[in-house]
1. How many residues are aromatic (Phe, Trp, Tyr) and closer than 15 Å to Ser163 by Cβ if we restrict to the stretch 56-110?
2. Just a yes or no: is a residue in the stretch 61-68 free of Cβ contacts under 8 Å to residues at least 12 places away in the same chain, of a type in the set (Gly, Ala, Ser) and over 28 Å from Met272 (Cα atoms)?
3. May I ask you to list pairs of residues, at least six apart or on different chains, whose Cβ atoms are under 7 Å apart, with the first in the stretch 1-15 being in contact (Cβ under 8 Å) with a residue 24 or more places away in the chain and within 17 Å of Asp43 (Cβ to Cβ) and the second being among the polar types (S, T, N, Q) and crowded, with 24+ Cβ neighbours inside 10 Å?
4. What is the number of the single condition among (1) within 29 Å of Arg314 (Cα to Cα); (2) in contact with a strand residue (DSSP E or B) (Cβ under 8 Å, 6 or more places away or on another chain) that Ala247 does not meet?
5. Given the conditions (1) of a type outside the set (Val, Ile, Thr); (2) in contact with a helix residue (DSSP H, G or I) (Cβ under 9 Å, 6 or more places away or on another chain); (3) closer than 28 Å to Arg80 by Cα, and given that Leu217 satisfies all but one, which numbered condition is not satisfied?
6. Could you say whether any residue in the stretch 49-62 is touching a Leu at 6+ places or on another chain (Cβ under 6 Å) and under 24 Å from Ala312 (Cα atoms)?
7. Might you check whether a residue that is among the β-branched types (Val, Ile, Thr), touching a helix residue (DSSP H, G or I) at 6+ places or on another chain (Cβ under 9 Å) and within 25 Å of Tyr177 (Cβ to Cβ) occurs anywhere in the stretch 227-239?
8. For the stretch 126-137, state whether one or more residues are assigned to a helix (DSSP H, G or I) and either under 19 Å from the mean Cα position of the chain (by Cα) or at pLDDT below 95 (or both).
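The values are calculated or read from the model by the stated rules, or taken from the named source; none is laboratory data. Model, not experiment: these values are computed from the prediction. Please note: Cβ atoms are built from the backbone with ideal geometry, for glycine as well, and neighbour counts cover all protein chains shown.
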Amino acid sequence: MKTVLVTGATGCIGSNLIVKLLEEGYDVRGFHRSNSNPLALRDVALKRTIGDVRDKTSLRAAIKGCDIIFHTAAIVSFWRPMREEQLDVNVNGTRNVVDLCVELGVQKLVHTSSVAALGYRTDGGLIDEQTPFNWDERITYKYSKRLAELEILRGVERGLNASIVNPTVVIGPRDPYVHGGQIVRDISRQRVPAYVKGGMNIVSVHDVVTGHLAAALRGRPGERYILGGVNLTHRDVFALVAKVLHARTPRIKAPVWAVRAIARACDVIGTMSHKQPWITSELISGVGMNNWYSIEKANRELGYEPTSIEQAIREAFEWYAEHNMI
């Protein structure tokens, strides 16, 4: 039986990954900070290790004796005041994971990156693993995920067997921090009055978990694998979620300039109130673009095939409702 460590155990991807690993018979350890929200793992019998990826002592104790590491820990935020902590956790924390995996002889590291670490295209083509990073480095989350990937690649140069997975917008249960699932909550609450041009790729957390396991078994060292679901316009995403939840579909098209103006105003309000706003300029940095992705490489090399996004939407809503988060 292989021993597995999952960092970021209380997050949406980390918690769902832990549940699947336990079902598959792995000896699983969950690593998270003492102040992490425990809701996603409340019903899971798990060996927990408390620590911080920035603290090598606690991290070494967690990694020692493990065969496989799934590094999902990261701060997901698009608020400028979080920049220093976000770079510290996402970049320096990843460097610590890499250093200790090399030092302790870990057999396999799977790093949870994001499509945020990839660039954008303006020619109408699908973004793939070769699309170079071309975002403004002031967009901290995107920049931090790119820098974290470079730490993984440095580890590969030192002989570490590490692969990178790049999920798109993840939807599903066990999402206490409400990232991709914000779409589900906002549509269910009828808080989305309009849509804007452009599009995104949304994926079930269960498919992302399957992709992680496949990367652990078949992922090549130093390679990226986009874990996506369906490419849809923003209008179609909102319509799909509304259909699944029997909610109202937003029918008004908002101009891009208006969305940007609202985001800038929220930036100012957030700075003055010292509270992260619902929308920020960094969050909507890709507004108006079709941020659509190719999963051809993951399909070819990992056997990755996404399943029903409708089921993931339904499960996310039911989990939020069960935990009074709707």
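1. 1
2. There is no residue in the stretch 61-68 that is free of Cβ contacts under 8 Å to residues at least 12 places away in the same chain, of a type in the set (Gly, Ala, Ser) and over 28 Å from Met272 (Cα atoms).
3. Every condition considered, the pairs that remain are Val6/Thr72; Ala9/Ser15; Gly11/Thr72; Gly14/Thr72.
4. Every listed condition holds for Ala247 apart from (2).
5. The failed condition is (3).
6. Looking for residues that are touching a Leu at 6+ places or on another chain (Cβ under 6 Å) and under 24 Å from Ala312 (Cα atoms), one finds none in the stretch 49-62, hence no.
7. Yes.
8. No - not one qualifying residue is present in the stretch 126-137.
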